[in-house]
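For reference, the structure discussed in these notes is given below.
The values are calculated or read from the model by the stated rules, or taken from the named source; none is laboratory data. In this text the structure is predicted, and so the values were computed from the model without any measurement. Note that each Cβ is placed from the backbone with ideal geometry, even for glycine, and that neighbours are counted across all protein chains shown.
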Amino acid sequence: MRHLLRSHHPVRHIKSFKYAFEGIFHALLHEPNFRIQISIAILSIGLGFYYKISTTEWGILILSLGALLSAEMLNTLVEEFIDIFIKDQRPGVKVIKDIAAGFVLLTAVTTSVIIFLIFYQTVLGQ
């Protein structure tokens with residue numbers, strides 16, 4: 001029983017949040033694309049407040065921006081993992097890194113289309 005309580009201790013949860021924020025901060029400091037995407041997210045959120053987009057549009061915008069930032073962090077994770085644990089350049093390594101980068105690209109294109117659709121309609125409607 002004590003083991004179960006220890007695994008759900010509030011201090012442990014606080015530490016897990018600390019580690020998560022350290023990961024985000026690492027991506028912010030070391031990944032130029034992540035900084036660009038954060039800037040796009042901030043700009044989009046600012047435009048959302050300015051144009052008073054609907055609750056539905058907010059939901060779609062936040063989901064797409066969250067997916068974009070998460071995809072970039074996943075790509076960073078894959079690249080870091082491979083660079084640390086696989087020292088030789090095998091053909092499979094390139095494929096893995098390319099697929100991870102493609103995942104980010106697809107997410108970025110999808111997010112761009114969503115941003116365009118939300119603000120194109122909003123700006124023209126006013």
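For segment 80-95, which positions are surrounded by fewer than 16 Cβ atoms within 10 Å (Cβ to Cβ) and part of a helix (DSSP H, G or I)?
Across segment 80-95, the qualifying residues are Glu80, Phe81, Asp83, Ile84, Phe85, Pro91, Gly92, Val93, Lys94, Val95.
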>> Given the criteria among the hydrophobic types (A, V, I, L, M, F, W, C), loosely packed, with under 11 Cβ neighbours inside 10 Å and within 24 Å of Gln37 (Cα to Cα), does Phe103 qualify?
In response: no
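Across segment 74-96, what is the number of residues that are more than 22 Å from Ile38 (Cα to Cα) and either of a type in the set (Lys, Arg) or out of contact with any helix residue (DSSP H, G or I) (no Cβ under 7 Å at 6 or more places or on another chain) (or both)?
Result for segment 74-96: 12.
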> Within segment 35-42, is there a residue that is in a helix (DSSP H, G or I), out of contact with any strand residue (DSSP E or B) (no Cβ under 9 Å at 6 or more places or on another chain) and over 30 Å from Gln121 (Cα atoms)?
Replying inline: no
>> So, Ile53, is that one within 24 Å of Ala108 (Cβ to Cβ), assigned to a helix (DSSP H, G or I) and either aliphatic (A, V, I, L, M) or in contact with a Leu (Cβ under 7 Å, 6 or more places away or on another chain) (or both) or not?
In response: no
> When segment 106-126 is examined, which residues are found to be modelled with pLDDT under 95 and either loosely packed, with under 12 Cβ neighbours inside 10 Å or basic (Lys, Arg) (or both)?
Replying inline: Tyr120, Val123, Leu124, Gly125, Gln126
> Here is a list of conditions, (1) surrounded by 11 or more Cβ atoms within 10 Å (Cβ to Cβ); (2) part of a loop (DSSP other than H, G, I, E, B); (3) not basic (Lys, Arg), and Trp58 meets all of them except one; can you say which number that is?
Replying inline: (2)
